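Asker: One structure follows; several queries about it will come next.
The values are calculated or read from the model by the stated rules, or taken from the named source; none is laboratory data. Because the structure is predicted, anything quoted here is derived from the model rather than measured. Note: ideal-geometry Cβ built from the backbone for every residue, glycine included; neighbour counts use all protein chains shown. Heads up: the accessible areas ignore ligands, DNA and RNA and are worked out on the full protein's heavy atoms, side chains in. Shrake-Rupley method; radii C 1.70, N 1.55, O 1.52, S 1.80 Å.
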Amino acid sequence: MEEKYIASIDLGSSKFGLCVARVIGDDVQIVYYRETPSDGIRASMITNPMKASERLKEAIAEAEKELMIHILQVVVGMPRSEVTQVTASGRIERTNPEEYISAEEVQALKSIALETYPLPNPEKQIMYGAVAQSFSIDDEIQLVESEVVGTLSSALEGNFKVFIGKRGATVSLDKIFNQLGIAIAKKYFLPDVVARTVLSPVEMSSGVALVDVGAGVTSIAIYQGGIMRHYASIPFGGKSITNDIRTECSISDDLAEKIKKRFGACLPGKLASLSEKVLQIRTTDPFKEVPVRYISEVVDCRAREIVSAVLYYIQESGLQNSLRSGVVITGGGAELANFVNLVKEMSGYDVRKGYPRYMFSASVGSGVYSTAATSAIGMVLAAKEDKLPDCVSVPEKPEEPKEEETIEVEVTDETPVDTLFAPEDMGPVEEAPKPKEKKTKKVKVPKPKGEKTGFLSIFWNTVENTALKIYDEANKQ
């Protein structure tokens, strides 16, 4: 089977997640995944392309050095913030109603709907993606894509949910990777990609809200009947919690992030003995002492604000009573201690963490199975399904020179010089004087490698005959 590599980059507000996978047929093996601190990005939007490019260049160079490859193209995700959703529709009249409706016709209808939808401000807006909501034929309505393919009808009509974002965001993406000399194989609208990596088909069918808590953006994607029905985003996330800890404790961003990951927790009343511990922060003399319970109160206050906003948008969707599978929390913010319990307490839904489903194997560390890796892994799996071409080149190893096989023969001083391949244009060779004692020396000549034909046969036969002649002359002495 054909082997190829797929590289994806998750451009987050706090980290870049670079993933490289080897794909052989349906088998996907993650061979590299690493997170590096990001720069030049705020709320998933590129605010400083130069800084983002410099940090990305370091991350890519590190991956190329470790894997001994050259990354030619990557798949990336588009921003999750400031995305507007609208409804578009399309209709086609079929020339032959007696033929089955094909998947190609459905895709053509989708393209027509997107191309004919009038953007309010085309100079500043661009379509990030679209999701088919329902299809109608002559006799039926409200069909999903899998149901409409294979039916008979004189016309086909479809309704689509279209997601519109800022054109400047994609321009910045192109600018960064053009400067790095790397092509963008495809840009993905991340909510749908992450959902198909984290959620099971049963959850997507029965109704579920996927909440992706990133550093700068928290997004909500609601699924019903296997289709994304609603999308919304909040322009703050885990980084807001870090900023609150930094402000309250008067410490650096880096130290605040470490304290959040190690001691940050929601629901301070449920910390048990941990709430009695006191942290000694060595930034001043004497040490600054901060109770763990106080840090938890700071974290809990901001986390409740995030959850309240999430529940507001779930209510706005009108699907709040259809979430039979509850809420799934993913993204880096999902690892915050007691966050899942806080969502469950405030919402009343069943809540779980969303990890990448086991649709791949990995030869790297456990980080590839974390909630923070879902975007990078999801893009790899989506690119595999889309049959994108190989994203890397592997330099060929230079062939090592082969040593020529030789044999040893004894040569006496009486051996004529012309038997040692003296050129004909050297003229007559004077006969060497006979020594009083017979002296011998060893000479290495190429070893014959079997019977040859044509010009090579003449050369190798000459070598073989000369070697035998030298050997016979030596024995006669």
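Asker: Express in whole angstrom the spacing between the alpha-carbon centres of the range 45-103 and the range 157-176.
Answerer: Value for the Cα centre distance between the two parts: 9 Å.
Asker: Let me ask something else about it. Mind checking the log10 I(q)/I(0) for the range 220-314 at q = 0.18, 0.25 Å⁻¹? Debye, one equal scatterer per Cα, no solvent, two decimals.
Answerer: Calculated log10 I(q)/I(0) at the listed q: -0.83, -1.25.
Asker: At ALA61 and ASP386, where each label point lies 7 Å from the Cα along Cα→Cβ, what is the point-to-point distance in nanometres?
Answerer: 2.9 nm
Asker: Seen from all sides and averaged, what is the projected area of the convex hull of the Cα atoms in the range 271-390, in nm²? Walk me through the intermediate numbers first.
Answerer: On the way: hull surface 48.3 nm².
For the Cα atoms of the range 271-390, the hull's average projected area reads 12.1 nm².
Asker: In whole angstrom, how long is each semi-axis of the equivalent ellipsoid of the range 141-296, when you take the square root of 5 times every eigenvalue of its Cα gyration tensor and sort them from largest down? Kindly include the intermediate steps, with their values, before the conclusion.
Answerer: On the way: eigenvalues 404, 109, 26 Å².
They are 45, 23, 11 Å, listed largest first.
Asker: Which percent of Cα-Cα pairs in the range 61-143 sits in each 10 Å bin, short to long?
Answerer: 12, 32, 23, 18, 11, 4
Asker: In whole Å and largest first, what semi-axes does the C-alpha gyration tensor of the range 1-151 yield when each eigenvalue is scaled by 5 and square-rooted?
Answerer: Details: eigenvalues 307, 109, 27 Å².
That gives 39, 23, 12 Å for the three semi-axes.
Asker: Here's something else I'd like to know. For the range 241-296, what class follows from the C-alpha gyration tensor (a ≥ b ≥ c being the square roots of its eigenvalues): rounded when a/c is under 1.5, otherwise prolate if a/b is larger than b/c, else oblate? It would help to have the intermediate numbers written out before the result.
Answerer: Details: a/c = 2.31, a/b = 1.34, b/c = 1.72.
Oblate, because a/c is 1.5 or more while a/b does not exceed b/c.
Asker: Right, another one. Compute the separation of the alpha-carbon centres of the range 179-212 and the range 290-367 and state it in Å as a whole number.
Answerer: Result: 17 Å between the Cα centres.
Asker: Excluding ligands and nucleic acids, what accessible area in Å² is computed for CYS301 using a 1.4 Å probe, to the nearest 10?
Answerer: Result for CYS301: roughly 100 Å² accessible.
Asker: Around VAL131, what is the net charge, scoring Lys/Arg as +1 and Asp/Glu as -1 over all other residues with Cβ under 9 Å from its Cβ? Before the final figure, lay out the partial values.
Answerer: On the way: positive: LYS161, ARG229; negative: ASP192.
Residues near VAL131 contribute +1 overall.
Asker: Which entries in LYS110/LYS344; LYS239/LYS344; LYS57/LYS344; LYS51/LYS344; LYS57/LYS384; LYS239/LYS387 show an alpha-carbon gap greater than 31 Å? Please report the intermediate quantities before stating the final value.
Answerer: On the way: LYS110/LYS344 38 Å; LYS239/LYS344 22 Å; LYS57/LYS344 41 Å; LYS51/LYS344 39 Å; LYS57/LYS384 25 Å; LYS239/LYS387 35 Å.
Long pairs (Cα-Cα over 31 Å): LYS110/LYS344; LYS57/LYS344; LYS51/LYS344; LYS239/LYS387.
Asker: Could you report the accessible area of PHE339 in Å², rounded to 10, computed with a 1.4 Å probe on the protein chains as they sit in the structure?
Answerer: 10 Å²
Asker: Taking the Cα atoms of the range 266-327 alone, what are Rg (to one decimal) and Dmax (as a whole number) in Å?
Answerer: Every Cα atom of the range 266-327 included, Rg and Dmax give 17.9, 56 Å.
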